[in-house]
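Data block below; observations after.
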Amino acid sequence: MTALPDVGAAATRSAVSVCPDPTRVVGQLFVPGHALAGERGGRASRLVAHVLELSEADVTAAVDDLVQRFGGRHRGLADMFEQHARRLANRVAPDVELSVGQRLLLGATFTQEYAVEATSVCNPSAVAAPDQRDVAPAELRFVMSVRQIGEGHRSSIGFRTGVLGHGGHLAIDPRSPFTATGTVDDATLDAGLFADLGPDVDADAVSWVLDGLGRSFTARRLRDRLHELETQDDTRRDVPQTVDRLLERASRCYALRFPASSSLEERILSPSCAAESNGLEDARFVRFVEDDATVTYFATYTAYDGCTIAQQLLSTTDFQSFTSSPVLGAAADNKGLALFPRRIDGRFYALSRHDGATNGVSTSDDIRHWPTSVPLDVSDNVWSSVQAGNCGSPVELDEGWLVFTHGVGPMRTYSIGAVLLDLDDPTVVIGQTEEPLLAPRPDEQDGYVPNVVYSCGGLRHGETILLPYGIADSRIGFATLSIAGVLGAMTGPS
């Protein structure tokens with residue numbers, strides 16, 4: 001296959017790349033046989049009994065061996081073993097007191113490593129880092145989110161940091177050998193998140209529940225209110241469905257906090273609710289500046305449970321504490337919602353691919369609810385004839401909103417182009433590239449998903465755009481693009 005032409009004057013590929021690292025592992029609870037069809041109880045209890053029957057010398061030797069083999073792969077190895085041992089405490093007789101060694105070995109017996117990057121890294125997005133200290137005046141420190149794919153095609157979100165210098169010089173910071181997973185907690189729930197629950201719920205019952213809770217409330221208060229609703233099963237219809245749907249929506253709201261001792265590059269956002277049990281995919285981060293100049297980092301991402309997709313919104317100010325909540329509305333029904341980096345005339349704007357195939361723009365007074373989308377009036381090209389989408393949040397220029405787009409053409413080839421939208425009315429298209437800015441070169445065709453270059457967001461530094469991009473869903477490359485070159489490659493509306 002001949003690679004599609006790039007607009008060479010606009011894009012320059014960097015020699016820097018990011019490849020998957022199978023040594024990046026997290027420790028997870030492992031219950032042997034738990035996930036096997038037809039498996040019956042008993043194996044876990046037998047394993048607990050086996051550990052308790054070992055001599056103290058055998059226990060000590062086993063623990064010493066574990067520390068030697070795995071101590072350099074996990075920060076807080078003993079704490080992880082202790083945590084998993086506590087999960088098995090219900091299988092130990094109350095009158096049995098475990099030694100320290102027994103607890104550690106018991107926890108290790110029910111622990112497994114999961115390699116978060118075993119399959120690939122891809123689909124990055126980049127934003128300016130919150131902390132710009134210790135960089136030269138001509139440099140910009142950035143944070144790059146990365147989609148990490150491991151065993152079972154399960155995705156998580158990881159981070160890399162780097163510095164973009166003068167002339168597009170790029171350096172990616174080294175990482176420690178450790179990973180860090182956060183502590184999940186309930187998030188404060190907003191009543192507005194419980195709209196649009198579907199036709200199989202009783203709207204009157206939902207109103208009764210929410211009227212007793214107020215505008216914001218805790219998950220515990222919601223559960224208590226739902227218990228009250230269940231006592232009304234004889235006077236209301238569809239109570240079980242209503243309760244299930246409210247609990248499902250609430251389960252998609254959570255808070256996540258990482259230890260202050262962990263570095264940003266160590267932190268991993270892994271599945272934390274049922275809706276994302278099979279992965280968090282394609283986060284589109286944006287540095288959002290409010291009208292009062294406060295800064296919040298938002299990211300929309302796809303939650304996948306193995307059967308259905310849903311969109312979620314991450315929020316953080318420091319990349320240490322995050323909240324996640326549902327994104328609702330017809331314009332958010334498909335993948336690829338991407339927020340504009342500020343309000344326009346007091347309203348939120350987002351790029352949308354509500355129909356799964358074309359780009360549009362949505363506007364809302366509520367950042368978590370996107371009711372409609374206006375399709376963008378762009379011309380059809382062969383390289384984007386199958387479907388189109390965005391490559392992350394718009395970049396603001398004096399000339400307009402610069403939106404990098406992906407297009408899918410023959411042989412399911414993904415390429416990257418761009419459109420320019422009006423600053424005051426982003427539904428108006430000012431220009432678009434007729435040819436790809438980036439298309440898979442021969443050395444970028446092969447990988448987990450062939451013939452794909454794809455980005456979830458770039459950033460501006462002076463008159464240069466840094467665009468990290470996934471290559472064949474296997475590794476990450478970087479391109480720098482001159483703003484003048486991108487604008488020069490555009491044609492106006494037909």
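Projected label points at Glu228 and Glu396, each 7 Å from Cα along the beta carbon direction, are separated by 4.4 nanometres.
Share of carbon and sulfur in the accessible area of region 353-413 stands at 53%, probe radius 1.4 Å. Subtracting the Cα-Cα distance of Leu423 and Ala293 from their residue separation scaled by 0.36 nm leaves 44.9 nm. Just the protein heavy atoms count here, and of the accessible area of region 224-344 at 1.4 Å, carbon and sulfur take up 48 percent. Here the calculated FRET efficiency for Arg342 and Ser277, from their Cβ-Cβ distance with R0 = 35 Å, stands at 0.55, rounded to the nearest 0.05. Taking 0.36 nm per residue of separation and subtracting the current Cα-Cα distance, fully stretching the chain between Thr235 and Ala138 would add 28.1 nm.
Working from label points 7 Å from Cα in the Cα-to-Cβ sense, the Asp79 to Val31 distance is 2.5 nm. Label reach from Asp366 (point 7 Å along Cα→C-beta): in region 247-266, amide nitrogens under 20 Å belong to 247-255.
Note that the chain presents 44 Å² accessible area per residue, ligands and nucleic acids not counted, probe 1.4 Å. Taking 7 Å steps out from each Cα toward its Cβ at Arg43 and Asp211 produces label points 5.2 nm apart. Protein-only accessible surface at a 1.4 angstrom probe places the residues Arg267, Arg441, Arg86 in the order Arg86, Arg441, Arg267, largest first. Mean sequence separation of contacting Cα pairs (under 8 Å, at least six apart), scaled by the length of region 143-229, corresponds to a relative contact order of 19 percent. Among Arg147, Arg237, Arg103, the order of accessible area from largest down is Arg237, Arg103, Arg147, computed with a 1.4 Å probe on protein heavy atoms.
Per-residue SASA remark: His227, around 110 Å² accessible (1.4 Å probe; ligands, DNA and RNA not included). Across the accessible surface of region 128-193, with the other protein chains kept in place and a 1.4 Å probe, carbon and sulfur atoms take up 50 percent. In the chain, the calculated helix contribution to ellipticity at 222 nm averages -5500 deg cm²/dmol per residue, counting -39,500 (n - 2.57) for every DSSP H run with n ≥ 4.
Can you work out the PRE-style zone for Asp21? Point 7 Å along Cα to Cβ, and I want the residues of region 172-195 with backbone N under 18 Å. Within reach of a label on Asp21: 172-182.
Given a 1.4 Å probe and the protein chains as shown, Thr358 ends up with an accessible area of around 60 Å².
For Phe298, the accessible area of its heavy atoms, probed at 1.4 Å with every protein chain present, is near 30 square angstrom. The largest accessible area among Tyr304, Tyr448, Tyr349, Tyr469 belongs to the first residue in Tyr448, Tyr304, Tyr349, Tyr469, and the rest follow in falling order (1.4 Å probe, all chains). Our estimate of slack between Ala61 and Ala115, defined as 0.36 nm per intervening residue step minus the Cα-Cα distance, is 16.8 nm. The relative contact order of the chain comes to 16 percent, based on Cα pairs under 8 Å that sit 6 or more residues apart. Answer with one residue from Thr372, Asn359, Thr296: the one whose Cα lies farthest towards the positive end of the charge dipole of region 255-388, charges on Cβ with Lys, Arg +1 and Asp, Glu -1. Ranked along the dipole, the leading option is Thr296. Between the C-alpha center of region 215-293 and that of region 122-196 there is a gap of 21 Å.
The values are calculated or read from the model by the stated rules, or taken from the named source; none is laboratory data. Just so it is clear, the structure is predicted and the values come from calculations on it, not from any experiment. Every residue, glycine as well, gets a Cβ built from its backbone with ideal geometry; the counts of neighbours run over all protein chains shown. Areas reflect the complete protein model, heavy atoms only, side chains present, ligands, DNA and RNA absent. Shrake-Rupley method; radii C 1.70, N 1.55, O 1.52, S 1.80 Å.
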